[in-house]
Every structure is written in structure tokens, then in C-alpha cells.
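Here's the structure we're looking at; comments come further down.
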Amino acid sequence: MYPHPQSTPPGLSIGRKIFLGVGGTTIVVLLGAIAVVIATPSGDDPGSGSEQTASSTVQDQSPSPSSQTRDPQSQPQPTQNEEEPEDTLGIGDSFEVDGFSVTVDEVRVSTDPVQDTLFDESHAPGGKWVIVKYTVTNVSDDPEGWYQTVRVRTDEGRSYSEEYDVGTALSFEESSEVVLDINPDDSAVQHAAVDIPEGAQPDQAEFPDLMGNSTVVSLDY
């Protein structure tokens, strides 16, 4: 007896099986192609773009030949003090203080006592006398008296005020008069006697005005 042909299991026909087989193969092929595309780097890959950007940045930071061979004159030069020193007044120079033209005539240093013939007194210095002889001329329109106090600054940087009665005695000894008011365009010789330490040296004479500003004269005697 011949065997009976086996019947097709129920559920799927032969055509459907063929369709499913072909469709499954197609899906596998498509998935493989997608995987290949993903794995292949493209020109728009962010990683390659960042590498190119980093490379170009390094190139931009590298010094150019022109910057390495810069003109020496364009290099920063050491700064120099461009300010001109202020004019220094000295003996024989004239300046104005409160309506008077003042000129320092001479400076001398002495350790001898000053004899006051007006009041018959003697003035001995504690250290030594710095005697500044100067002339004042009234350049205002009215009679004025000269009452400014002269100071002497030493080479130690300290300032000492004059002793007015000693200076008055020296002026009286020279002119035999005590000048109070000076008429316009008239002049008078004045003396400032300043007692400084014996070991110090006079460096400057300071002539303050009524506002507290001082004119400084170098004492190069």
C-alpha cells in the first residue's frame, strides 16, 4: 500500500510560509545595512569636527613669522621720568610773598653770640646760628609791614624757625633803624637768625605766606 500523503498542518498555507521566509530575509538584510551605515564615520561626525576645530585652534595660537621678527622699536621700552624738575630758587633769585618781592642776599653760619645793641643783650646759639640776609621790596599799592617768619630746613630734613629778636638785632646793627612799615616800591634789609644743631647743615630757607604756602630757596653758601 502506498502511504497516504501527509496533510498540511492547519494554520499557515504554503504561500504564506514563502512570504514570511522572504520577508524575514529582507528584514535581516535591512538591519545589517543600517548597522553598517551607523558604524561608518561621516563628514558631519561631531567627533571629527571637534578634532578639526582643536587642530585649527592650535594653528591659530602658534606665533606667526611676522610676530617673531617684530621691529625692536615697537617693543616696550623702559619708562623714563619725563617730568622736568621744578626750577630751584637760590641765593640772588627773587620771588613774591604776600605783596613783597624777596631776594636772598647771603647766608652765613656762626657759633658766636649775637650782640643786641638795641637792648644791650647777647644771644648765644644752642648749636649754631644760620643767618639769612635778604631784601624785601613792597610791590603793593599800600604801606605794608614784613612780619613773615623764616625757617631753615637742615640736611637731616628738620625745619627750624627763626628767633625774631636776634634777627631784629642784626638788622638794627646794619641799618641803625627798626623798619615797621615799608612804602610801595621801597626796600628794607632783613635778617633771619635760626638756631640749628651744631652737627646739622643748612639746606633750604623757607618763606611761608599768610596762606601757609612756602617758597623754598636752596642755601648753597
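A short reminder: the numbers here are calculations on the coordinates, not readings from a lab. Keep in mind it's a predicted model, so treat the numbers as computed, not measured. All Cβ positions, even for glycine, are placed from backbone atoms using ideal geometry, and neighbour counts span all protein chains on display.
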Fill in the blank from the handout: Yeah, the stretch 94-218 with a ≥ b ≥ c from its alpha-carbon gyration tensor (a/c under 1.5 is rounded, else prolate when a/b outruns b/c, oblate otherwise) is oblate
Exercise for the section: Compare the peptides 200-207, 112-119, 174-181 by average per-residue count of other Cβ atoms within 10 angstrom and give them in order, highest first. Expected result: 200-207, 112-119, 174-181
Practice task
Quote to one decimal, in nm, the extra length available between Ser122 and Asn213 on full extension: 0.36 nm per residue of separation minus the C-alpha distance between them.
Solution key: 29.5 nm
Problem - Residue-span extension gain [Val189 to Phe95] - 0.36 nm each, minus C-alpha spacing - result: 32.3 nm
Practice task
Rounding to the nearest 20 debye, state how big the charge dipole of the stretch 94-218 is about its Cα centre with +1 on each Lys and Arg Cβ and -1 on each Asp and Glu Cβ.
Solution key: 520 debye
Fill in the blank from the handout: Full extension between Tyr164 and Ser140 adds, at 0.36 nm per residue less the Cα distance, a length in nm of 6.2 nm
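What are the trypsin sites (Lys or Arg not before Pro) within the stretch 144-221 that DSSP puts in a loop, where the Cβ has at most 14 other Cβ atoms within 10 Å?
Those that pass, being in a loop and sparsely packed, are Arg158.
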